[in-house]
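Read through the structure below, which is laid out as structure tokens, and then see the notes.
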Amino acid sequence: MKVVHSPLHARHDGGVELYRGQLVPLFEKPERAAMILAALEAAGHEVTPPRDFPESRLHRVHDAEFVAFLRGAYARWIAEDRQGHLLPSGFPARGMRRDHRPSGISGMLGYYAFDASTPIVAGTWDAALAAARAAMTAAALVVEGEAAAYALCRPPGHHAGRSTYGGYCYLNNAALAAQYLLDEGCRRVSVIDIDYHHGNGTQEIFWERDDVQFVSLHGTPDTEYPWFLGYADERGEGRGEGHTFNLPLPAGSGWDTYEGALGTALDAIRRYAPDALVVSLGVDTFAADPISAFRLDVPHYPLIGRLLAGLGLPTVLVQEGGYAVAEIGINVAGVIGAFATRAA
Ligand code: Q9C
Ligand code: ZN
């Protein structure tokens with residue numbers, strides 16, 4: 001399978017996150033992409049760089065002022081004489097104003113961010129843009145006739161909304177890929193999100209749309225990040241009603257529970273009958289993941305790849321989470337290798 005990847009991801013490095021009361025080095029680190037790339041190259045997959053795209057492609061999914069904020073945030077921060085990484089320290093909660101965007105950088109951070117685990121450092125914009133381009137390039141390859149393509153995105157994207165960032169995500173790579181497929185001729189696209197965490201950003205972006213189905217399998221937000229979206233009673237609104245489908249599972253779930261839920265998700269996609277599929281591929285469902293609590297093991301990832309390929313759809317796979325760095329390569333390569341074999 002063609003793998004789209006840019007070394008620019010490595011510019012997003014050196015950040016810290018607020019985790020259980022401590023500032024700790026970001027779990028979402030450059031070694032993740034290096035391990036995935038090494039495993040895919042060893043398995044013989046062809047690696048290709050992202051293409052360039054006009055900025056207007058980003059605005060199909062994201063608010064233009066939000067994109068401009070992300071691009072300029074670090075320079076603003078330095079200009080206001082602050083140092084190091086940008087992390088927000090205050091948010092507009094219930095009873096406060098959400099309609100006014102403060103002009104100072106600290107207020108702006110709280111306005112656009114929804115957590116304190118997503119730092120902006122000097123190279124964050126370059127890396128986020130390269131990841132978005134990788135996802136759109138993988139979509140372009142599928143439009144041009146590839147059965148499937150994989151975008152090795154870092155930073156990930158599924159928590160980023162139309163004008164919000166968080167959960168290690170800045171631009172929503174999977175949403176950009178789905179929108180690209182629609183803009184280039186697909187009538188309906190399904191997004192299946194199998195990252196451990198609910199893809200709140202992708203859900204929000206397509207909430208009122210009937211040309212995108214969003215199906216997600218994840219740790220229940222009642223105890224798991226991102227806590228405030230991803231419940232089973234969220235089903236979309238307006239034209240989008242019935243096109244969002246959440247399958248929250250208890251922390252501690254193993255393969256038996258997971259396989260059943262994945263089957264239910266795949267049945268829903270078959271009923272929607274899309275022209276193409278986007279997979280938000282997180283492997284933080286792995287038992288040894290340091291921030292997640294499902295119990296999947298190495299042999300389960302090829303099974304997931306086979307089941308996804310069994311839909312028989314043109315497919316763009318987009319990397320999301322996965323923080324057990326030692327096994328991230330073998331687990332991603334397990335999905336991609338099995339998918340490529342089954343789809344061929
Ligand atoms: N106690 C992705 O996998 N911190 N993002 C969670 C839990 C943020 C995960 C803290 C986790 C974000 C793409
Ligand atoms: Zn995740």
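We did not get these values from a lab; they are worked out from the coordinates using the rules stated. What you see is a predicted model; the values in this text were computed from it and never measured. Note: ideal-geometry Cβ built from the backbone for every residue, glycine included; neighbour counts use all protein chains shown.
The set of residues in the stretch 253-288 being out of contact with any Asp or Glu (no Cβ under 6 Å at 6 or more places or on another chain) and among the hydroxyl-bearing types (S, T, Y) consists of S253, T257, Y258, T264, Y272, T285.
Out of everything in the stretch 138-172 that is more than 16 Å from ligand 1 (Cβ to nearest atom) and in contact with a strand residue (DSSP E or B) (Cβ under 7 Å, 6 or more places away or on another chain), what residue ends up being nearest to D284 (Cα to Cα)?
Quick first cut of the stretch 138-172, residues more than 16 Å from ligand 1 (Cβ to nearest atom) only: 138-150, 162-163.
Checking the rest, the ones that are also in contact with a strand residue (DSSP E or B) (Cβ under 7 Å, 6 or more places away or on another chain) come to 138-139, 141-142, 146, 148-150.
Values: A138: 22, A139: 23, L141: 27, V142: 26, E146: 27, A148: 22, A149: 21, Y150: 17 Å.
Step by step, filter the stretch 138-172, then rank; the result is Y150.
Exactly one residue among A68, A64, A10 is surrounded by fewer than 18 Cβ atoms within 10 Å (Cβ to Cβ), touching a Pro at 6+ places or on another chain (Cβ under 9 Å), closer than 18 Å to Y170 by Cβ and not acidic (D, E), and that residue is A10. Scanning the stretch 51-68 for residues that are part of a loop (DSSP other than H, G, I, E, B) and in contact (Cβ under 8 Å) with a residue 40 or more places away in the chain returns R51, D52, F53, R60, V61, H62, D63.
Just one of the listed residues (A288, A251) is assigned to a loop (DSSP other than H, G, I, E, B), touching a strand residue (DSSP E or B) at 6+ places or on another chain (Cβ under 8 Å) and surrounded by fewer than 17 Cβ atoms within 10 Å (Cβ to Cβ), and it is A251.
Listed here are the residues, each with its yes/no results for (1) within 20 Å of the chain's Cα centre (by Cα); (2) of a type in the set (V, I, T); (3) surrounded by fewer than 21 Cβ atoms within 10 Å (Cβ to Cβ); (4) within 19 Å of E320 (Cβ to Cβ).
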residue	(1), (2), (3), (4)
E28	yes, no, no, yes
A43	no, no, yes, no
E46	no, no, yes, no
F53	yes, no, yes, no
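Residues considered: G185, G230, G263. Of these, the only one that is assigned to a loop (DSSP other than H, G, I, E, B), of a type outside the set (K, R) and surrounded by fewer than 19 Cβ atoms within 10 Å (Cβ to Cβ) is G185.
A single entry from G90, G14, G44, G95 fulfils the requirement of being in contact (Cβ under 8 Å) with a residue 24 or more places away in the chain and outside any helix (DSSP H, G or I): G14.
Here G334 fits the description: part of a helix (DSSP H, G or I) and away from ligand 1 (no atom under 16 Å from the Cβ). Filtering the stretch 188-227 to residues that are farther than 23 Å from L58 by Cα, within 16 Å of ligand 2 (Cβ to nearest atom) and not in a strand (DSSP E or B) leaves I194, Y196, H197, T220, P221, T223, E224, Y225, P226, W227. Restricted to the stretch 115-137, and to residues there that are away from ligand 1 (no atom under 15 Å from the Cβ) and assigned to a loop (DSSP other than H, G, I, E, B), the residue that is nearest to A174 (Cα to Cα) is G123. Taken across the stretch 292-307, residues that are touching a Ser or Thr at 6+ places or on another chain (Cβ under 7 Å) and outside any loop (DSSP other than H, G, I, E, B) do occur, with at least one present. None of Y74, Y19 is more than 16 Å from ligand 2 (Cβ to nearest atom) and among the hydroxyl-bearing types (S, T, Y) except Y74. Beta carbons closer than 6 Å, at least 6 apart along the sequence or on distinct chains, pair a first residue in the stretch 216-244 that is without any contact (Cβ under 8 Å) to a residue 12 or more places away in the chain with a second that is surrounded by 19 or more Cβ atoms within 10 Å (Cβ to Cβ) and not in a loop (DSSP other than H, G, I, E, B) for R235/T244. Which residues, counting only those in the stretch 75-87, are assigned to a helix (DSSP H, G or I) and in contact with a strand residue (DSSP E or B) (Cβ under 6 Å, 6 or more places away or on another chain)? The answer is W77, and nothing else. Against the criterion of being part of a helix (DSSP H, G or I) and among the charged types (D, E, K, R), R71 qualifies.
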